[in-house]
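Presented below is the structure to which this report refers.
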Amino acid sequence: QVQLVESGGGLVQAGGSLRLSCAASGRTLSGYGVGWFRQAPGKEREFVAAIGWTGGTTHYADSVKGRFTISRDNAKNTVYLQMNSLKPEDTAVYYCAARGFTSAQAMAGIGSMGYWGKGTLVTVSS
C-alpha cells in the first residue's frame, strides 16, 4: 500500500508559477511510475505529466509541454510538478498517481488504476 499526499496548490495569477509536491509513504516510489492528472469542474480527468519507474524518462500532455516539468527526489520519496507560465485553463484539482513498474508514457493511460492522492486545488486567475 502506497499513500500519496499532494501539496503546493493555491491561487496564482496568469503567467505565474507553482510547484506541486507528491509525498509518498508506505513504501519507496523507486519502483513506481508516477503521474500528475487534473480535473476541472464538469470535465473529465486528464493526464498532465509522468515520470517512469526507472526515473530516466518523462512524458507530458501537449497542453503543458514546455511549461511544466516533472521530477523526482528519491531521497525524499517525493515527486514534483513545476508549473510555469500558468494559464486560466490550468485551473483544476491536481492529483498524483503511482503504479508499479510503469513507464512514463504508459502512465497516461492508467485510468483509475494504481494509487491516488486526494488532490490539491490550483486556481489561475486572469
Exercise. Quick one: what are the phi-derived ³J(HN,Hα) couplings along segment 21-29, Karplus 6.51/-1.76/1.60 with θ = phi - 60°, whole Hz, x for glycine and proline?
Key: 10, 10, 9, 10, 9, x, 6, 5, 7
Self-check item: Electrostatic dipole magnitude of segment 1-105 [Cβ: Lys, Arg +1; Asp, Glu -1; Cα centre; debye, to 20]
Solution: 160
Quiz prompt | With every protein chain in place, the chain: carbon and sulfur % of accessible area (1.4 Å) | solution = 49
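Counting only DSSP beta bridges with both residues in the chain, tell me the antiparallel percent, nearest 5.
For the chain, the DSSP antiparallel bridge percentage is about 90.
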Self-check item: Heavy-atom accessible area per residue - segment 13-126, 1.4 Å, Å²
Solution: 49
Self-check item: Among Arg99, Arg38, Arg67: highest mean-square fluctuation, GNM of the chain, C-alpha pairs under 10 Å
Solution: Arg67
Quiz item: Taking Cα pairs under 8 Å and at least six residues apart, what relative contact order does the chain come out at, in percent?
Solution: 37
Quiz item: Put a dot 7 Å past each Cα toward the Cβ at Asp62 and Ser85; how far apart are the dots in nm?
Solution: 1.6
Quiz item: In whole Hz, what ³J(HN,Hα) sequence does segment 107-117 give by Karplus (6.51, -1.76, 1.60; θ = phi - 60°), x for Gly and Pro?
Solution: 4, 5, x, 6, x, 9, 6, x, 9, 10, x
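The values are calculated or read from the model by the stated rules, or taken from the named source; none is laboratory data. This is a predicted model, so every value here is computed, not measured. Using ideal geometry, Cβ is built from the backbone for each residue, glycine included, and neighbour counts are taken over all protein chains shown. In case anyone asks, the SASA skips ligands and DNA or RNA and just uses the protein heavy atoms, side chains included. Shrake-Rupley method; radii C 1.70, N 1.55, O 1.52, S 1.80 Å.
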